[in-house]
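In what follows, a single structure is set out as structure tokens and then discussed.
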Amino acid sequence: MAATAKAHGGRLIVVSNRVGPLKDTGRAGGLAVALVDTLRRTGGLWFGWSGDVSEQGTFGPLKSEHSRNVRLATLDLSQNDHDEYYAGFANRMLWPLLHYRLDIADFDRRSEDGYRRVNERFAARLAPMVEPGDTLWVHDYHFFRLAEGLRAAGLQNPIGFFLHVPFPGPDILAALPHHNDLLRAMLAYDLLGFQTERDRDNFVRCAVEEVGARNLGDGVLELEGRRTRVGAFPIGIDADSFAEYAVSPEARINRKRMEKALVGRRQIIGVDRIDYSKGLNERFRAFERLLVDFPEHRSTVSLLQIAPPSRGELEAYSDMRRQLERVAGHVNGRFADIDWTPIRFLTRGMPRRALAGLYRSSRVGLVTPLRDGMNLVAKEYIAAQDPEDPGVLVLSRFAGAAEQLKEALIVNPYSTVGVAETLHKALAMPLDERQHRWRVLFERIREHDAHAFASSFLDALAKAQD
Ligand code: ADQ
């Protein structure tokens, strides 16, 4: 990885909406967790939004901090930028659209303008910091239009883009007004990376059918004489470090507390940000169905759901949390015993080592998003298991991870009966089968870990301008 970046002479510049934290605060989301390692290895610049809103916004001073070989450089947003670009177009339009939720996508012309404006402003502030030889790696749906702005400023550097969330086909994308314009802007990148082959193929269909790009084969698209490479780069975790977290002193303390509370019962664990894409409501219902259809699990199995709230400023998310508390309360009211609570619902973040301990003391990892780019929790659950007595991963077919982790028990998260039956199967699975499935899965996530992900993306980007 370091060799890759150095071989091409310049620094690596990473751009994403939120930057850092560079240290493990226990609250980092999927994107941050995967990027820190990459930058630490190559050194370079990480550019994005400071998380602050100020009067000057993107016209204000650049905030800069160093941590060893990595420089963080951030800009504020104005209140308007925040409302239109971030809360509006990115969160209320693109996030639902890219998760196939046209029913709740909320298009608004002003937000679209704000999104375009903020992408232009970030490009204008970044361009003077870029030196010839630098490689730029832009992340996620907040910055679909950044390369367009950077090219307009005259930049010739390799610019790659990686989308962390799914990309739908033309039937869904076409519901976005001016989607053609957005697709054209995306083709200003040299390399467009997606989590899965399905997402990549969906993008290719959109580019070909909606804006008339030519598919030259071998992952190359051409529009008006400009070529863009496309590829699938499933994101990974640092599997070996995560496995070590699971046997760290912090993890052990949590496991001991857990085991004391469980007194021999088995635990199913779910870990997700509170978001409608994660299928939490359906998950609680499926667990209830397990207790109804397979009464032998009453008093012997419990579900621990850890769910830090996300994007707190959006009212829909606090509604969701209240709704989930109601469902958990209903299930607990119906089945709880004096010494057993069926669902424990913790709405807070957790240090990663402590989290690893909880994964390890859970017999089943229940990962049932309705739609998810990859889902790193599925991989973390596998990495944290005890090789002698591993648990079972139950995984939604609609998580990008299902393309890679076929030896998990794959479920349709919309089918509460199907998920309940699969949970029963997971709880009954004999040790030798658990060990066999786990070994194959663990080897695969080690092979396709965070470093392999970053190297393969940056190698492809280095070749993209040839
Ligand atoms: P997310 O939607 O955030 O990421 P995910 O991939 O599951 O989803 O990553 C969540 C991360 O947050 C995991 O590393 C998890 O351990 C951590 N986390 C969750 N709850 C936590 C808690 N209570 N305490 C501590 N840590 C917690 C987006 C896309 C995904 C894609 C990732 C990476 O939506 O599909 O996999 O980016 O590309």
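Applying the selection to segment 41-88, what residues are in a helix (DSSP H, G or I) and over 17 Å from residue 15 (Cβ atoms)?
Our first condition is that a residue be in a helix (DSSP H, G or I); within segment 41-88, this holds for 41-42, 57-59, 79-88.
41, 57, 59, 79, 80, 82, 83, 84, 87, 88, listed by residue number.
Is it fair to say residue 318 is more than 13 Å from the ligand (Cβ to nearest atom), hydroxyl-bearing (Ser, Thr, Tyr) and part of a loop (DSSP other than H, G, I, E, B)? I'd like the intermediate steps shown before the answer.
Details: more than 13 Å from the ligand (Cβ to nearest atom): yes; hydroxyl-bearing (Ser, Thr, Tyr): yes; part of a loop (DSSP other than H, G, I, E, B): no.
For residue 318, the condition - more than 13 Å from the ligand (Cβ to nearest atom), hydroxyl-bearing (Ser, Thr, Tyr) and part of a loop (DSSP other than H, G, I, E, B) - is not met.
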Selected residue [among the hydrophobic types (A, V, I, L, M, F, W, C) and within 16 Å of the ligand (Cβ to nearest atom)] from 294, 233, 287: 233
Hits in segment 338-389 - residues which are part of a helix (DSSP H, G or I), within 13 Å of the ligand (Cβ to nearest atom) and of a type in the set (Lys, Arg): 352, 353, 379
In segment 398-414, the residues that are surrounded by fewer than 24 Cβ atoms within 10 Å (Cβ to Cβ), touching a residue at least 12 places away in the same chain (Cβ under 8 Å) and more than 14 Å from the ligand (Cβ to nearest atom): 407, 409, 410, 412, 414
Complete set of residues in segment 267-310 that are under 13 Å from residue 321 (Cα atoms) and either polar (S, T, N, Q) or assigned to a helix (DSSP H, G or I) (or both): 276, 278, 280, 281, 284, 305, 310
Condition met for residue 231 (in contact (Cβ under 8 Å) with a residue 12 or more places away in the chain and out of contact with any Pro (no Cβ under 6 Å at 6 or more places or on another chain)): yes
Close pairs from segment 33-56: first assigned by TED's automatic domain parsing to the domain that holds residue 18, partner of a type in the set (Ser, Thr, Tyr), Cβ under 6 Å, at least 6 apart: 48/16; 48/74; 50/74
Unmet criterion (only one of (1) of a type outside the set (A, V, I, L, M); (2) surrounded by 22 or more Cβ atoms within 10 Å (Cβ to Cβ); (3) away from the ligand (no atom under 15 Å from the Cβ)) for residue 194: (3)
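Can you work out which of the residues in segment 131-160 that are within 16 Å of the ligand (Cβ to nearest atom) and in a loop (DSSP other than H, G, I, E, B) is farthest from residue 188 (Cα to Cα)?
Taking segment 131-160 and keeping what is within 16 Å of the ligand (Cβ to nearest atom), we get 137-144, 160.
Filter once more, keeping what is in a loop (DSSP other than H, G, I, E, B): 140, 144.
On the way: 140: 15, 144: 10 Å.
Within segment 131-160, the match that is farthest from residue 188 (Cα to Cα) is 140.
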Which numbered condition residue 264 fails, given (1) in the same structural domain as residue 395 (by TED's automatic domain parsing); (2) without any contact (Cβ under 8 Å) to a residue 40 or more places away in the chain; (3) assigned to a helix (DSSP H, G or I): (3)
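For (1) crowded, with 20+ Cβ neighbours inside 10 Å; (2) outside any strand (DSSP E or B); (3) at pLDDT 95 or above, each residue gets a yes or a no:
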{"site": "91", "(1), (2), (3)": "yes, yes, no"}
{"site": "101", "(1), (2), (3)": "no, yes, yes"}
{"site": "104", "(1), (2), (3)": "no, yes, no"}
{"site": "110", "(1), (2), (3)": "no, yes, yes"}
{"site": "115", "(1), (2), (3)": "yes, yes, yes"}
Sole residue being touching a strand residue (DSSP E or B) at 6+ places or on another chain (Cβ under 8 Å), crowded, with 21+ Cβ neighbours inside 10 Å and not β-branched (Val, Ile, Thr), chosen from 242, 203: 203
Selection count, segment 250-276, where residues are within 13 Å of the ligand (Cβ to nearest atom), surrounded by fewer than 19 Cβ atoms within 10 Å (Cβ to Cβ) and within 11 Å of residue 354 (Cβ to Cβ): 1
Long-range neighbours under 7 Å by Cβ, at least six apart or interchain, first residue within 30 Å of residue 388 (Cβ to Cβ) and of a type outside the set (Lys, Arg) within segment 362-374, second near the ligand (Cβ under 8 Å from one of its atoms) and part of a loop (DSSP other than H, G, I, E, B): 367/375; 369/375; 374/195; 374/235
Total residues in segment 125-140, condition free of Cβ contacts under 8 Å to residues at least 60 places away in the same chain and surrounded by 15 or more Cβ atoms within 10 Å (Cβ to Cβ): 1
Filtered residues of segment 261-319 (kept if β-branched (Val, Ile, Thr) and in contact with a strand residue (DSSP E or B) (Cβ under 9 Å, 6 or more places away or on another chain)): 268, 269, 271, 274, 300, 301, 306
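The values are calculated or read from the model by the stated rules, or taken from the named source; none is laboratory data. Given the structure is predicted, the values throughout are model-derived calculations rather than measurements. Quick reminder, even Gly has a Cβ in these numbers, built from the backbone with ideal geometry, and neighbours come from all protein chains shown.
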